[in-house]
Every structure is written in structure tokens, then in C-alpha cells.
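Student: Shown below is the structure under consideration.
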Amino acid sequence: MRVWIVTSELPHEHAGGIGRYVDNFARTLGAAGHEALVLYRSATDTDDRPAPGVRTVGFATRDARLAEGGAARPDEHPAFPYNLLSFGPALAYQTGAELFRLLESGAERPDIIEVQDYAALGYFLLQRKLTESGPLDDIPIVVHMHSAQFDLMQVNQWPRYRFPEYWLGQMEKFCLRAADAVLSPSEFLRSEVQRSLGRDLEISVIPYPFIADYEREPEPGQTGELLYVGRLEYRKGVMGLVQTCARLWDEGLDFRLTMLGGDTDFAPRCKTIGTLLRERYARWIECGRLNLAGTVPFDEVAMHMRRAAVTLVPSLWENFPNTSIEAMAAGRVALVSAQGGQAEMVAEDGRNGFIFDWNTPGDLERQLRRVLTLTPDERVAIGRRAQERIRSLCDPQRVLPRRLEHYEKVRARHLPRLLFPTTTPADLLPPPPPAEPGPQEEPDLLSVVIPFYNLGAYVDETLASVLNSA
């Protein structure tokens with residue numbers, strides 16, 4: 001089968017979970033005798049063959065040419081469409097144009113195209129498939145869910161209705177509705193998206209394939225060494241994690257938490273998460289209990305993981321995180337939250353790893369105490385079962401047949417759409433308000449708007465004051 005994968009990242013340029021998945025899946029396809037072409041955003045225009053059966057085509061974004069002039073029309077500007085659109089929609093537009101260029105260049109046509117949900121990368125591709133008669137007529141497009149911005153912004157407490165972010169979220173929703181098929185790596189992610197877009201949205205669930213040495217002998221790690229790998233991001237649960245660890249340190253428990261990963265902004269406080277952690281927990285950083293190590297090379301991540309007794313995945317919302325896959329594949333003990341696909345990986349608390357629930361007060365603290373008392377032999381035994389469990393889910397030899405079967409089903413049922421998709425299905429639209437009898441307004445009334453932020457305790461007093469002033 002010939003599969004084209006459209007992505008915003010590959011791991012040699014962007015260290016993200018989507019890139020890791022694409023790299024693993026493309027190599028899995030190529031090793032099995034299929035053909036994988038990966039079209040991706042790159043620093044420069046590239047065309048490489050990194051593995052048997054795998055071709056990667058990178059394109060440089062045109063936003064670097066915004067300062068250039070000399071164009072008579074906006075669509076003739078060398079930076080087009082970045083001179084007209086914000087970066088996300090412009091990248092989606094350029095991605096669609098680059099894919100059409102490949103189709104028209106004589107490259108062998110794909111049997112199927114897969115594109116990520118994040119940043120609505122397939123938006124203009126799907127628009128052209130729905131509105132034009134052309135090379136995409138008989139090629140199904142599958143949208144693979146990872147983490148859409150319309151979900152991430154809500155969990156990260158970003159202003160979701162600010163432009164252009166709001167429209168990018170709407171574009172992501174359109175892609176999920178307009179795709180010929182939608183694929184998710186976890187049941188959690190499927191249920192979250194169906195809650196937003198409607199239960200009628202059909203989503204298949206197949207875990208990520210992950211290439212690893214599943215026969216590696218587990219190691220116990222160093223007692224008292226805890227590791228977090230990922231961005232310092234609010235939705236990753238890092239604030240609650242460090243707060244819980246600080247309570248245990250205050251009690252005198254002896255352990256160290258190392259956190260690897262880049263920093264991110266936290267909009268409600270106009271600061272980064274790293275800044276907040278350094279301000280609030282400076283004394284634990286100074287005494288060496290908390291180590292904010294920042295971004296490190298990938299081979300150093302593996303070294304830290306081998307040294308740690310327990311790897312933590314404390315997300316408030318998650319898809320199917322690579323950190324959890326990597327830890328379990330390496331035979332490490334993982335303590336994960338219930339809010340994501342990582343809980344589906346562990347499945348049995350206390351056997352393949354440990355699960356806590358953010359919705360249960362004190363549950364993280366209880367489980368931290370539990371894992372800190374494990375003996376080296378117990379950690380090795382749990383790590384071995386973790387390897388077996390994650391292999392049953394993510395071994396490419398088990399995942400690939402399911403993926404190919406899914407592709408074949410999508411191809412077999414592929415037909416032109418009769419109705420143009422909408423982002424909000426009819427069953428989610430609010431009913432129209434009932435008609436009010438009589439006039440809609442009363443004369444001589446004054447409307448009072450009371451804005452408040454973090455001042456809820458004063459709302460009742462303010463309302464009473466307004467009413468008493470009449």
C-alpha cells in the first residue's frame with residue numbers, strides 16, 4: 001500500500017509527539033514492504049529517503065519572506081499566503097498547495113492520505129477535495145487525532161474565543177467532520193472529541209506503533225529518583241505534581257523530582273509555568289529536591305529514564321503520550337493520571353504501573369507514597385509486566401495489520417459526499433428560545449454590567465448595592 005502522511009513535524013527538526021508517531025509509523029510501513037511518503041514542514045526544502053520504503057519531502061514556510069516587496073498583487077507576494085493569513089491557517093494553505101504540487105509532479109498516487117488534526121493542517125486540502133473535481137476525487141483522506149488546539153486551549157486556560165485562535169479551532173473541528181475517516185490512538189481522546197462534536201462522529205481507535213527493544217531487561221533505577229518528561233505546561237499537571245511533592249517534602253520524605261522539558265506560557269498569570277514553579281518552590285530547588293533541567297537531547301532523556309525509579313505522567317488531559325510508552329517499553333515503573341490514554345496503557349493499577357485520578361482529592365499523594373516504598377525487586381517485576389503490556393498495544397507487528405485493515409475499509413466505502421459537513425451537528429445546536437409574549441423591552445430601565453475576575457466574594461454585595469441605589 002502507498003500511504004502519504006502529512007505532518008507539521010518530524011523528530012529530527014521538532015521534538016514533539018506527533019513527529020515521533022509519524023517517524024515510527026512510516027518506518028513500520030517501509031519495513032513491511034509498503035511505501036510511505038511524509039510531507040512535512042521543514043527549515044529548508046528537502047527530499048530524502050531516511051529508511052527503506054520511506055521518502056520524506058520537507059518544505060520551508062514562506063513567512064521568512066514577509067519583508068520582501070515588489071509584488072503587484074497580494075497573491076503574488078513571495079510570502080503568500082502568510083502576508084494575508086495568520087501562521088496556522090497560512091501553513092494549512094501552503095501544505096495543501098505543496099501536496100497538490102507533489103500529485104502533479106508525477107509522483108505515484110497514494111492509496112490513502114493521512115493528516116494530523118492539530119493546527120487544522122488538512123483544512124484547505126479537505127476544502128479542495130469537497131469543492132473541486134481533481135486528483136483527490138478517488139483518494140480517501142484520514143484525519144489522525146493527536147491533540148487539537150480547541151481542546152488544549154480549554155485545559156490550558158487560554159482565551160478560547162480570541163482571534164485567530166478561535167478560528168483555528170473551528171478549522172480543526174471542520175477537518176474532523178470533513179474527513180473520510182477519523183482515527184484516534186486512545187478511547188479517552190475519542191470520547192473527548194465526541195463530547196465536543198457529537199456522538200455521531202465515527203472514530204476508530206488504534207494505538208500508536210512504537211519501535212523499541214521490548215526484550216530489554218528492566219532495571220530498578222535509583223530509589224527516591226522521580227522523573228517527569230514533557231513540556232512545563234499547565235495541562236500536563238506539573239503545577240499539581242510539584243505542589244503535592246512539596247507537601248511530602250515538608251513532611252520529611254526523602255526523594256528528588258527531575259523535570260525535563262521546555263517552558264510554556266500560562267495566560268491567566270502572564271508568566272511561564274517555569275517561572276511560577278521557580279517562584280513558588282525556590283527553596284526546594286536550592287536544596288536539590290526539585291531539578292528543573294529544561295530541554296535536553298533525546299539520548300540524555302533515555303539516560304535519565306534509566307536512572308529514575310519511577311516515571312511520572314500526571315497530565316490533566318492527554319492523548320496517548322510517548323513518555324508513557326517509552327517508560328513502559330524500557331521496563332520502568334510509571335505513575336500516570338487517569339485523564340488520558342496513559343491510563344489505558346497501564347490498565348491494571350499496581351500490576352503494570354500505577355494510576356491516580358485528579359478528580360479524587362489526595363489520590364496523587366497516596367500513590368506517590370506507595371511508589372516511593374517499592375523495593376528494587378518490586379520495581380523490576382512491575383517493569384517487566386509493563387513491557388509486556390505496552391508490547392501488546394504498541395508493537396508494530398501487532399499495530400500494522402490493524403492499521404492496514406482500517407485503511408482498506410476506508411478505501412472500500414469511499415464515495416463522494418452528498419452534503420457539505422458543518423462543525424456543529426444538528427443534535428448539538430441549542431433550540432431556539434421560545435417566543436416571549438408582549439414587548440421585548442420595557443422602557444425606562446437601566447442595564448448594569450458588573451465585570452469581575454477573582455472577586456466572586458463581592459458579587460452579592462455589589463448586586464445589593466446596585467439594587468438599593470434605584
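Student: Out of curiosity, is LEU152 surrounded by fewer than 20 Cβ atoms within 10 Å (Cβ to Cβ) and under 14 Å from the mean Cα position of the chain (by Cα)?
Tutor: Working: surrounded by fewer than 20 Cβ atoms within 10 Å (Cβ to Cβ): yes; under 14 Å from the mean Cα position of the chain (by Cα): yes.
For LEU152, the condition - surrounded by fewer than 20 Cβ atoms within 10 Å (Cβ to Cβ) and under 14 Å from the mean Cα position of the chain (by Cα) - is met.
Student: Within the stretch 72-82, can you find the residues that are surrounded by fewer than 17 Cβ atoms within 10 Å (Cβ to Cβ) and assigned to a loop (DSSP other than H, G, I, E, B)?
Tutor: If the condition is that a residue be surrounded by fewer than 17 Cβ atoms within 10 Å (Cβ to Cβ) and assigned to a loop (DSSP other than H, G, I, E, B), then ALA72, ARG73, PRO78 are the ones that fit.
Student: Out of everything in the stretch 260-308 that is closer than 15 Å to LEU226 by Cβ and of a type in the set (D, E, K, R), what residue ends up being surrounded by the most Cβ atoms within 10 Å (Cβ to Cβ)?
Tutor: In this case the residue turns out to be ARG289.
Student: Among what's in the stretch 62-102 and is among the hydrophobic types (A, V, I, L, M, F, W, C) and out of contact with any helix residue (DSSP H, G or I) (no Cβ under 9 Å at 6 or more places or on another chain), pick the residue that is modelled with the highest pLDDT.
Tutor: Step by step, filter the stretch 62-102, then rank; the result is LEU102.
Student: Scan the stretch 13-37 for residues that are closer than 19 Å to TYR118 by Cβ and either among the basic types (Lys, Arg) or in contact with an Asp or Glu (Cβ under 8 Å, 6 or more places away or on another chain) (or both) and jot them down.
Tutor: GLY16, ILE18, GLY19, ARG20, VAL22
Student: Cβ-Cβ distance below 6 Å, separation of 6 or more or different chains: which pairs start in the stretch 231-259 with a residue that is in a helix (DSSP H, G or I) and end on one that is among the polar types (S, T, N, Q)?
Tutor: TYR234/ASN156; ARG235/ASN156; LYS236/SER315
Student: All but one of (1) buried (at least 24 other Cβ atoms within 10 Å of the Cβ); (2) under 20 Å from the mean Cα position of the chain (by Cα) hold for GLY331; which doesn't?
Tutor: So GLY331 meets the others, but not (2).
Student: Out of the residues in the stretch 118-133 meeting the condition of being in contact with a helix residue (DSSP H, G or I) (Cβ under 7 Å, 6 or more places away or on another chain) and free of Cβ contacts under 8 Å to residues at least 60 places away in the same chain, tell me which one is surrounded by the fewest Cβ atoms within 10 Å (Cβ to Cβ).
Tutor: Among those residues, the one meeting the criterion is ARG128.
Student: Mind listing whichever residues of the stretch 31-61 are crowded, with 18+ Cβ neighbours inside 10 Å and polar (S, T, N, Q)?
Tutor: Scanning the stretch 31-61 gives SER42, THR56.
Student: Next up: Name the pairs whose Cβ atoms lie under 6 Å apart, with the first residue in the stretch 381-410 and modelled with pLDDT of 95 or more, the second basic (Lys, Arg), and 6 or more positions between them or separate chains?
Tutor: GLY383/ARG332; ARG385/ARG351
Student: Given VAL242, VAL301, which one is modelled with pLDDT of 95 or more and among the β-branched types (Val, Ile, Thr)?
Tutor: VAL242
Student: Within the stretch 356-375, how many residues are assigned to a helix (DSSP H, G or I), free of Cβ contacts under 8 Å to residues at least 60 places away in the same chain and either more than 17 Å from GLY240 (Cα to Cα) or in contact with a His (Cβ under 8 Å, 6 or more places away or on another chain) (or both)?
Tutor: 1
Student: So is PRO78 closer than 30 Å to ARG2 by Cβ and assigned by TED's automatic domain parsing to the domain that holds SER8 or not?
Tutor: no
Student: Shifting gears a bit: I'm told ALA64 meets every condition in (1) surrounded by 14 or more Cβ atoms within 10 Å (Cβ to Cβ); (2) of a type in the set (A, V, I, L, M, F, W, C); (3) out of contact with any strand residue (DSSP E or B) (no Cβ under 8 Å at 6 or more places or on another chain); (4) not in a loop (DSSP other than H, G, I, E, B) except one. Can you identify the failing condition by its number?
Tutor: It is condition (1) that ALA64 fails.
Student: Name, by its number, the condition in (1) within 19 Å of ASN319 (Cα to Cα); (2) in contact (Cβ under 8 Å) with a residue 60 or more places away in the chain that does not hold for TRP167.
Tutor: Result: TRP167 passes all but (1).
Student: Just for the stretch 52-85: of the residues that are over 25 Å from MET171 (Cα atoms) and aliphatic (A, V, I, L, M), which one is farthest from the chain's Cα centre (by Cα)?
Tutor: ALA72
Student: If you scan the stretch 201-225, which residues turn out to be assigned to a strand (DSSP E or B) and small (Gly, Ala, Ser)?
Tutor: Step one: filter the stretch 201-225 for residues assigned to a strand (DSSP E or B), giving 204-205, 222-225.
Answer for the stretch 201-225, where residues must be assigned to a strand (DSSP E or B) and small (Gly, Ala, Ser): SER204, GLY224.
For (1) outside any loop (DSSP other than H, G, I, E, B); (2) surrounded by fewer than 18 Cβ atoms within 10 Å (Cβ to Cβ), each residue gets a yes or a no:
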position	(1), (2)
PHE354	yes, no
ASP377	yes, yes
GLY383	yes, no
LYS409	yes, yes
HIS414	no, yes
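Student: Which numbered condition trips up TYR228, out of (1) part of a strand (DSSP E or B); (2) at pLDDT below 95?
Tutor: Result: TYR228 passes all but (2).
The values are calculated or read from the model by the stated rules, or taken from the named source; none is laboratory data. This structure is a prediction, so every number in the text was calculated from the model and none was measured. Cβ atoms come from the backbone with ideal geometry, glycine included; neighbour counts cover every protein chain shown.
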